[in-house]
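To start, the structure under review is shown below, and the notes come after it.
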Amino acid sequence: MPAVPDAVAARPPRRPRRFRTALAVGAVVAVASTAVLSGCADFSKQDSERKAGPFSKYNESFEVKRPPKTPPPPPEGLPTPPPGPCVDPDPNVITTCLASTAAVTPGDERGDVTVVAERTTGKIIQAKRFSEHKVLWTVPGVDGSGDGGLIDFALSPTYRQDHLMYAYITTPSDNRIVRIAKGDVPKPILTGIPKGATGNLGSMFFRSANELVVATGDAGNPAAAGNPASLGGKVLLVTDFTSGKNPPPKILASGLGANPALCPSNDTIFVADGASNADRLSQVSNNALKTVWTWPDKPGLGGCAVTEGTIAVSTIRTQQIQTLQAPTPQKPTIDKPATVLDKQYGAIGRMRPVGNGLIQFATVNKQYGPKVVSQDDRVVRFLVPSAAGGGESNM
């Protein structure tokens, strides 16, 4: 079996507790080779044989340098667009013709390269504009029915040394976090996250070298979110990365609904989700969810990202990106969100910041969109306007 691809390292963090996006603040700058983990996964066997050796708790996180202060223009000197229905004339579209998407993260410091998960196929793909899809991993055995499948992914903070990748997946029996090493089958790290016909989507990121923050959906059962014995509808802190019988993760907050998306910023964790009576943006504070803003009309929040003090949220049903100014101790109240993108790309799912106002987002038209075009699904590079100023407050 070929080797798992190497990622280009970046400098160690200046602050050990600084939050990072999945895949090392979204940095996969170069890939030397392609590794495909294929075949059917026997998760029952993995569950009974969970020993996979120790995982270093002294991992060193890494990040890439920030982009220049002026957000760069779309890349120049690109090859001639290939013919066919997958070509999108929009210069901000990075890649097209993806299967139904899940997590997305920048693959370089400018945001010209993307790394995106196909939820239904289990593939993690690297691409840039007009390039072919390069499959970095294929996670075997995922159940892509409903809204399950390959939900999220993150590189080990010491990927250069251990070549480990973590994935949040749906199996035939549950949702779980698995660890993947080159030439090996996925090893379970956290199992038993409830699975339902819907409500399986979640989110995760490495907060530090030995802390993985995970947001889990309620699997269509709101009662699970309030049940301390259930892993559903929670923000969890995973600190044991062996595949033996691990202690239960710490619960950072309870009460999440459907499709929770984490968007960390400095020492703050924001999370977007869909509750029974409204969609909402919350802040994890003192082991609880503190509401930042609610959308009673339920536009269907698909993702969120924080960049330059602005929180961007994407919507599925109304096909928008809205922005809010992140609360601060000096200004804890939140002004009415501003719509900065409206129905240009269809239904928008997960988002990740590049830096200095730039984000990447993935469309989810094949799963939710009322209209699917030949280029769907796509990853787009977008400059988020500042949310400073604003209008009414709802706090």
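Among the residues of segment 240-252, those identified as surrounded by 16 or more Cβ atoms within 10 Å (Cβ to Cβ) and farther than 29 Å from GLU308 by Cβ are ASP240, PHE241, THR242, SER243, ASN246, PRO249. Keeping to segment 280-304, report how many residues are buried (at least 23 other Cβ atoms within 10 Å of the Cβ) and more than 21 Å from PRO332 (Cβ to Cβ). Qualifying residue count for the region: 3.
Looking at segment 127-138, can you tell me whether even one residue there is modelled with pLDDT under 60, surrounded by fewer than 20 Cβ atoms within 10 Å (Cβ to Cβ) and on the phi > 0 side of the Ramachandran plot?
Taking segment 127-138 and keeping what is modelled with pLDDT under 60, we get none.
Checked against the condition, which is being modelled with pLDDT under 60, surrounded by fewer than 20 Cβ atoms within 10 Å (Cβ to Cβ) and on the phi > 0 side of the Ramachandran plot, segment 127-138 yields no hits at all.
PRO172 falls short on exactly one of the conditions (1) closer than 28 Å to ILE94 by Cβ; (2) touching a Gly at 6+ places or on another chain (Cβ under 9 Å); (3) of a type outside the set (Lys, Arg), and that condition is (1). For segment 253-267, the count of residues that are of a type in the set (Asp, Glu), in contact (Cβ under 8 Å) with a residue 12 or more places away in the chain and surrounded by 14 or more Cβ atoms within 10 Å (Cβ to Cβ) is zero.
What's the total number of residues in segment 139-169 that are more than 15 Å from the chain's Cα centre (by Cα) and part of a strand (DSSP E or B)?
If we filter segment 139-169 for residues that are more than 15 Å from the chain's Cα centre (by Cα), which is where we start, we get 139-146, 157-164.
So of that shortlist, the ones also part of a strand (DSSP E or B) come out as none.
Selection size over segment 139-169: 0.
If you take just the strands (runs of 3 or more DSSP E) that sit entirely in segment 188-296, which of them hold at least 1 residues that are more than 19 Å from the chain's Cα centre (by Cα) and charged (D, E, K, R)? Filter on segment 188-296 gives 250-254, 288-295.
For segment 322-382, the strands (runs of 3 or more DSSP E) that sit wholly inside it and include 2 or more residues that are in contact with a Cys (Cβ under 9 Å, 6 or more places away or on another chain) and buried (at least 19 other Cβ atoms within 10 Å of the Cβ) are 348-355. Only one entry in SER230, SER156, SER173 is closer than 26 Å to PHE361 by Cα and not aromatic (Phe, Trp, Tyr), namely SER156. Annotation note: of VAL372, VAL364, VAL354, the sole residue that is free of Cβ contacts under 8 Å to residues at least 40 places away in the same chain and either aliphatic (A, V, I, L, M) or farther than 24 Å from SER100 by Cα (or both) is VAL372. Considering (1) of a type outside the set (Phe, Trp, Tyr); (2) in a loop (DSSP other than H, G, I, E, B); (3) surrounded by fewer than 20 Cβ atoms within 10 Å (Cβ to Cβ), say which one LEU98 fails and leave the rest. Single failed check for LEU98: (3).
Could you identify the single residue in THR310, THR315 that is touching a residue at least 24 places away in the same chain (Cβ under 8 Å), over 24 Å from ASP218 (Cα atoms) and buried (at least 22 other Cβ atoms within 10 Å of the Cβ)? First the steps, then the outcome.
Details: THR315 fails: over 24 Å from ASP218 (Cα atoms).
Criteria check complete, one pass: THR310.
For ALA52, the conditions (1) at pLDDT 90 or above; (2) touching a strand residue (DSSP E or B) at 6+ places or on another chain (Cβ under 7 Å); (3) surrounded by fewer than 23 Cβ atoms within 10 Å (Cβ to Cβ) all hold with the exception of (1).
The values are calculated or read from the model by the stated rules, or taken from the named source; none is laboratory data. Keep in mind it's a predicted model, so treat the numbers as computed, not measured. Because the Cβ atoms are built from the backbone with ideal geometry, glycine has one as well, and the counts that use them run over all protein chains shown.
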